[in-house]
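One structure is given here, and the rest of the page talks about it.
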Amino acid sequence: MTAARPRVVVAGLGDTGLLVAIHLSGRADVVGISSKPGLVSGQELGLRLARPREWVRDYWVSFDRYRKLDAVSTVHGSLLAADLDAKQVRVADADGSERLEPYDVLVIATGVSNGFWRQPDLQTRDQVDAALTGAHERLGSSATVVVIGGGAAAVSSALNIATTWPDKQVDLYFPGERALPQHHGKVWDKLSKQLTALGVGLHPGHRAVVPDGFGCDEITAGEVAWSTGQDPVTADAVLWTIGRVRPNTGWLPAELLDEDGFVRVDEHLRVPGRDDVYAIGDVAASDPLRNSARSRADAMLASNVLAGLNGGVLKTFKPAVRRWGSVVGVQKNALEVFTPTGQSFKIPAWSALQPLIVWRGIYKGVRKG
Ligand SMILES: Cc1cc2nc3c(=O)[nH]c(=O)nc-3n(C[C@H](O)[C@H](O)[C@H](O)COP(=O)(O)OP(=O)(O)OC[C@H]3O[C@@H](n4cnc5c(N)ncnc54)[C@H](O)[C@@H]3O)c2cc1C
């Protein structure tokens, strides 16, 4: 008789949960629970808004296309609660019925909510498609676009809207002297020149007044006021990319969370005092930038889960101190990646290399859509 394999529940199959499930596939009985019917990534907002057909190839992929998920049981539903002593989570299935999923190890990867493009609500394929198309058409029909915020989502949106629709007036308003404050200064130096060349108006020192009760979760129209004293501006479309993230942890007991609602983890991405619970990605309070997704800790976390079950040695997470990676996505069929020290390199011929680098290299095999 063979011993039963450990049962690992991965809560949230977004960018990081999906990769953890892939690494554990075949090495444990893995159950992945997701409110979306596939990977619907929060990455590359600008590309998603301006050129959604291109974005979909990498970032909206149904689970049945990932070869390594053939051995993983995926559940389309919403996590409602976790009972840590009973070692089980409660899930509302897409059809409305509730079920309990027991685990030996729980991996929390439910990410954060941010703007209209990153919400944890249960969605069907049609609803995902309709949301993508709706935002694209909304921007397409606007002659003037104001983008508010200084992070990667804002910069990427301004640049991609300007390259896709050169006739629009696009303006980027951000509170600091420069945008991308968490990246190396060289990144903004380079991208601000590109934005200016595209005719995007750059407006430092502007902090927008967020209307009472507005969750920044839709594209608005009309006036924007500034708490920094400047005159209000108006636009046909206003994009609120102000980084107001909220952890998707309402389903978890408070004992797991820090004062901001993120999941507390130690240097192994394991929850202190709970040897059978780990967290990764934007939901995990691993370091000030919550960098475990970007720093690709997914393979390390999978290895730690197996080591923890087998009495092995756990690896230590080493976060990058600055943000890095792609900011504006693929441009003219090349992907530019910025390093933490502000250098950049371009991967050319992206459409030819993408299946090798992403589908084979990162996801270990993806069937054609
Ligand atoms: C391969 C890779 C490359 C990256 N490259 C870059 C880069 O170049 N530049 C950069 O800045 N960053 C990069 N990142 C990081 C990225 O910006 C984010 O940090 C990443 O998208 C966060 O992933 P996540 O899994 O934590 O969250 P998400 O991808 O948001 O996943 C969370 C999932 O959980 C679901 N969920 C939430 N609540 C529930 C619930 N109650 N029930 C069921 N499901 C729920 C959500 O719907 C979502 O599907 C990269 C990450 C990866 C993995």
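Quick notes on this one:
- Percentage relative contact order, the stretch 62-148, counting C-alpha pairs under 8 Å, at least six apart: 15
- Note on L353 and D189: their simple-model spin labels are 2.4 nm apart, each label 7 Å out from Cα toward Cβ.
- For the stretch 1-145, accessible area per residue (1.4 Å probe, heavy atoms of protein chains only), Å²: 41
- Computed in the context of the full set of protein chains, the accessible area of the stretch 32-116 at 1.4 Å probe radius has 44% of its extent on carbon or sulfur.
- Relative contact order (%) - the chain, alpha-carbon pairs under 8 angstrom, separation at least six: 18
- Net length gained if the chain between D212 and R65 were fully extended (0.36 nm per residue, minus Cα distance): 48.7 nm
- Highest-MSF residue in the chain out of G273, G325, G243 [GNM, Cα springs under 10 Å]: G273
- Neighbour-limited loop hits for trypsin sites (Lys or Arg not before Pro), the stretch 205-279 (at most 12 other Cβ within 10 Å; DSSP other than H, G, I, E, B): none
- Inter-probe distance in nm under a simple model that places probes 7 Å from Cα toward Cβ, at D83 and A334: 5.8
- Using C-alpha pairs under 8 Å with a sequence gap of at least 6, the mean separation divided by the residue count of the stretch 249-368 gives a relative contact order of 14 percent.
- Portion, in percent, of the accessible area of the stretch 269-369 that falls on carbon or sulfur, probe 1.4 Å: 58
- With protein chains left intact and a 1.4 Å probe, residues in the stretch 249-369 average 48 Å² of accessible area per residue.
- Within the listed set I161, I219, I22, the residue fluctuating most in the Gaussian network model of the chain (springs between alpha-carbon atoms under 10 angstrom) is I219.
- Global form of the stretch 224-369, assessed from the alpha-carbon gyration tensor, a/c cut-off 1.5: oblate
- Within straight-line cross-link reach of K168, lysines at Cα separation under 17 Å, skipping those fewer than 8 residues along the same chain: none
- Residue of I108, I148, I347 that the Gaussian network model of the chain assigns the largest fluctuation, springs spanning Cα pairs under 10 Å: I347
- Net dipole in debye of the chain [+1 Lys, Arg Cβ; -1 Asp, Glu Cβ; about Cα centre; nearest 20]: 1580
- Chain lengthening between A320 and A307 when straightened (0.36 nm per residue, less Cα-Cα): 2.3 nm
- C-alpha long axis of helix 152-164 to longest principal axis of the chain, angle in °: 60
- The stretch 180-258 and the stretch 61-106 have Cα centres separated by 33 Å.
- Three-way shape call for the stretch 305-369 based on the alpha-carbon gyration tensor, with the a/c threshold at 1.5: oblate
- Förster radius 41 Å - calculated FRET efficiency between H203 and D126, Cβ distance, rounded to 0.05: 0.60
- Legend: residue pairs K332/K364; K315/K368; K186/K364; K36/K193, Cα-Cα distance threshold 30 Å; pairs beyond threshold, K315/K368; K186/K364; K36/K193.
- On Cα atoms only, tilt of 15-24 relative to the major axis of the chain in degrees: 30
- Cα gyration tensor, the chain - rounded (a/c under 1.5), prolate or oblate: prolate
- Exposed GluC sites (Glu not before Pro) absent: longest stretch of the chain, with sites in DSSP loops and at most 10 other Cβ within 10 Å deemed exposed: 1-176
The values are calculated or read from the model by the stated rules, or taken from the named source; none is laboratory data. Just so it is clear, the structure is predicted and the values come from calculations on it, not from any experiment. Here Cβ is always computed from backbone atoms with ideal geometry, including for glycine, and neighbour counts include all displayed protein chains. Areas reflect the complete protein model, heavy atoms only, side chains present, ligands, DNA and RNA absent. Shrake-Rupley method; radii C 1.70, N 1.55, O 1.52, S 1.80 Å.
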